[in-house]
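Trainee: Input: one structure, supplied below.
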Amino acid sequence: MSHPKNLLEARRVEKRYGNQVVLERIDFRVEAGEFITLVGASGCGKTTFLKLLLGTERISRGELTLDGRPLPDEPGPDRGVVFQKYSVFPHLTVLGNVMMAEELAGSRWLGKLFGSARRRAAEAATARIEEVGLTHALHKYPHELSGGMQQRLAIAQALMMQPRILLLDEPFGALDPGIRQDMHVLITRLWREQQLTIFMITHDVKEAFALGTRLWVFDKIRHDPQAPEAYGATITYDLAIGENRRPPEDLARTVDAMSERRTQTHQETPL
Amino acid sequence: MKRLINYTPSRGSRWLLGLVPFALVAMVYLALSNARLAENPDDRLLPSPATMADTFSQLATEASVRTGTIPLWDDTFASLERLGLGIAISALIGLIVGLFTGGLPLVRAKLSPLVTVVSLIPPMAILPILFIAFGTGEMAKVALIVIGVAPFLIRDLQNYALRLPDEQLIKAQTLGASSWQALTRVLLPQLTTRLIDSTRLALGSAWLFLIAAEAIAAQDGLGYRIFLVRRYLSMDVILPYVAWITLLAFVIDRVLALISRRSFPWYHAEAGDRE
């Protein structure tokens, strides 16, 4: 499959809720196969940005295109997603969760497969589950899994549709450092093997550098003290991450300072 | 000393502690009943346990002269049939309407105000309307239960559907689900579990409506019997019947709880059951 050069393109994208501008002047081109990590103070619109890509929020102005066509304004199978929580279906086993995509595709009315079709779907799903190392938990329900295992499951489930773009909203935010390390290895391997295009929000600059090929920093650069809602955040740094994968000292400090400034002054806009 | 909130009874003592209040009530009743019977052996208000047992076994084993059938089983089957039918219809309506109002904002905007208003109508107040519309047959009694219970179930299921994380429906869409598939594969199974829970809660009012309807117009049924013998102050029938109804309600509740626990282990783990 040959991907066109520019998978995603944004031109002067703006997102506002009523009078409040959340994101403004967003311009970018993303090629297939990039791994973009998004950092920035909390409440500066990273999640809103991800929702624009996902299709649960609509842009207010500008142009956002996928393969040259406007991005659909509802979620679809070309864009997979893993949230920080609630990404898997609590009423299905690990196998059931991963089989879901194929069952929905194969049976329009029941959304369930039977007989040989079901066996084939189960085989495909089992292979996927093996890739994320959950074979031993095939018939367990999500509530029996640890946080890390649930996120592995969510990733396996999202990849069943072979999405063009994978959106990750702080997928490892709630995990222990050791487990996080394992997850980094997993996501890097899957990204390489499946030639995914990934957008990942993270709070951890080191994580952003360890995983991504490109780093975006979101921040508000224009402030109007009389009308704090008049200006939104934009992409202030768009950085190619080199082979050494270490954050430049000054940037790490800038981002940290930024987060601190935000927390101290409580300027966070609830999104 | 440990704080009071940290004392938990062990398994055995929990049973004992649970039995104590029952034993106390029984003792108080026995004392009062004995006192009254000592004064007047024909007293009908607080019959002795032996009298009640006699009457009850008579009702449960001997065919009535009038109908030729055994009254207790007649009453029980008639009542359970009405209750079961009423609950089943309510559950079906609740599940379907709750699914669509919970899952589809367009349907919710249309139906939700109506359901809210209907659920506020006191069902007993429209019982006369039901009798006029459906006659005094089975239909009116079942309809009363449905009108009393279905709106509650619809509202409860709709609220539950709305409380489920949005992420689930979004995720389903990214897996290629159509609206119909998202409703049937994501919402429906989760609402079904909730339905059993809310049905258990609604059973209390279902019994209330059933007995009220039977008391007013019926030829058989547990409520009918109680209100029939009330004229003769037959506490020896009324008290065992009340106990019997309580037992039936208890068994139905436990069976539903067991079905839910067996079929949907994930639901109980999520709800954080501590039983």
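Derivation of every value follows stated rules applied to the coordinates shown; laboratory data play no part. Just so you know, these numbers come straight off a predicted model, no measurement behind them. Neighbour counts run over all protein chains shown; Cβ positions are idealised from the backbone, glycine included.
Trainee: To make sure I understand, if each residue's beta carbon is the centre and we count other beta carbons within 10 Å, what order do B:Ser205, A:Ser87 fall in, fewest to most?
Mentor: B:Ser205, A:Ser87
Trainee: Then there's this: Provide the convex hull volume over Cα atoms per residue for chain B, in Å³.
Mentor: It comes to 202 Å³ per residue, whole-number rounded.
Trainee: After finding the eigenvalues of the alpha carbon gyration tensor for the stretch B:48-196, what semi-axes result from the square roots of 5 times each, listed largest first in whole Å?
Mentor: With the √(5λ) rule applied to the stretch B:48-196, the semi-axes are 42, 19, 12 Å.
Trainee: Another question about this same structure. Any idea what log10 I(q)/I(0) is at q = 0.17 Å⁻¹ for the stretch B:1-115, Debye with uniform C-alpha scatterers and no solvent?
Mentor: -0.95
Trainee: Do you know the relative contact order of chain A, to the nearest whole percent, from alpha carbon pairs under 8 angstrom that are 6+ apart?
Mentor: For chain A, the relative contact order is 28 percent.
Trainee: Using the alpha carbon gyration tensor of the stretch B:139-242, what are the three equivalent-ellipsoid semi-axes (square root of 5 times each eigenvalue), largest first, in whole Å?
Mentor: 44, 12, 9
Trainee: List A:Met99, B:Met235 from most exposed to least, where exposure is judged by having the fewest other Cβ atoms within 10 Å.
Mentor: Placing the least packed residue first, the sequence is B:Met235, A:Met99.
Trainee: Taking H as built 1.01 Å from N, whose amide H comes closer than 5 Å to the amide H of A:Thr197, not counting residues under 5 places away?
Mentor: Here A:Gly33, A:Leu166 satisfy the definition.
Trainee: For the modelled label position 7 Å from the Cα of A:Arg12 along Cα-to-Cβ, which residues of the stretch A:41-77 have backbone nitrogen atoms closer than 17 Å?
Mentor: A:59-65
Trainee: Follow-up question, since we're still on this one. Below 12 angstrom from the Cβ of B:Ser33, what's the summed charge of the other residues (Lys, Arg +1; Asp, Glu -1)?
Mentor: Residues near B:Ser33 contribute -1 overall.
Trainee: Here's something else I'd like to know. Given just the C-alpha atoms of chain A, how large is their convex hull per residue in cubic angstrom?
Mentor: Spelled out: Cα convex hull of chain A, divided by residues, is 145 Å³.
Trainee: Given charges of +1 on the Cβ of Lys and Arg and -1 on the Cβ of Asp and Glu, with all other atoms neutral, how large is the dipole of the protein assembly as shown about its Cα centre, in debye to the nearest 20?
Mentor: For the protein assembly as shown, the charge dipole is close to 320 debye.
Trainee: Counting only other residues whose beta carbon sits under 13 Å from that of A:Leu134, what net charge do I get with K and R as +1, D and E as -1?
Mentor: Once positives and negatives cancel, what remains is -1.
Trainee: Would you mind computing Rg(Cα) / (2.2 N^0.38 Å) for the protein assembly as shown, counting N as its residues?
Mentor: 1.32
Trainee: Taking the number of other C-beta atoms within 10 Å as the exposure measure, put A:Lys112, B:Lys171, A:Lys220 in order starting with the fewest.
Mentor: The fewest-first ordering by Cβ neighbours comes to A:Lys112, A:Lys220, B:Lys171.
Trainee: How many partner chain Cβ atoms sit within 10 Å of a residue's Cβ in peptide A:130-142, on average, as a whole number?
Mentor: 1
Trainee: Shape of the stretch A:68-201 from its Cα gyration tensor (a ≥ b ≥ c, root eigenvalues): rounded if a/c is under 1.5, otherwise prolate when a/b > b/c, or oblate?
Mentor: It is oblate, given that a/c is not under 1.5 and a/b is not larger than b/c.
Trainee: Let me ask something else. Which whole-number percent is the relative contact order of chain B (Cα, under 8 Å, 6+ apart)?
Mentor: Relative CO of chain B lands at 23 percent.
Trainee: Further question on the same structure: Taking the simple approach of a point 7 Å from Cα along Cα-to-Cβ for both A:Asp67 and A:Asp238, what is their distance in nm?
Mentor: A separation of 2.3 nm, rounded to one decimal place.
Trainee: Moving to a separate point now. With only alpha-carbon pairs counted, each pair once and no self-pairs, how large is the Kirkwood hydrodynamic radius of the stretch A:1-63 in angstroms?
Mentor: Hydrodynamic radius (Kirkwood, Cα only) of the stretch A:1-63 equals 12.7 Å.
Trainee: Give the total of Lys-Lys pairs in chain A with Cα-Cα distances below 20 Å; include a pair only if its members are 8 or more places apart or on different chains.
Mentor: For chain A, the number of qualifying lysine pairs is 10.
Trainee: Please tell me the relative contact order of the stretch B:208-264 in percent, rounded to the nearest whole number, where contacts are Cα pairs under 8 Å and at least six residues apart.
Mentor: 19 percent
Trainee: Tell me, what are the semi-axes, in whole angstrom and largest first, of the equivalent ellipsoid of the stretch A:161-221 as set by the roots of 5 times the Cα gyration tensor eigenvalues?
Mentor: 19, 16, 10
Trainee: When the Kirkwood radius is taken over all Cα pairs of the stretch A:1-138, what Stokes-Einstein diffusion coefficient follows at 37 °C and 0.692 mPa s, in µm²/s?
Mentor: The estimated diffusion coefficient comes to 185 µm²/s.
Trainee: What does the helix-only formula give at 222 nm for the protein assembly as shown: each DSSP H stretch with n ≥ 4 adding -39500 (n - 2.57), the total divided by the residues, and the result rounded to the nearest 500 deg cm²/dmol?
Mentor: Helix contribution divided over all residues of the protein assembly as shown: -18500 deg cm²/dmol.
Trainee: Here's something else I'd like to know. Inside 10 Å of the C-beta atoms of B:176-186, what's the mean count of C-beta atoms belonging to other chains?
Mentor: Partner Cβ neighbours, averaged per residue: 6.
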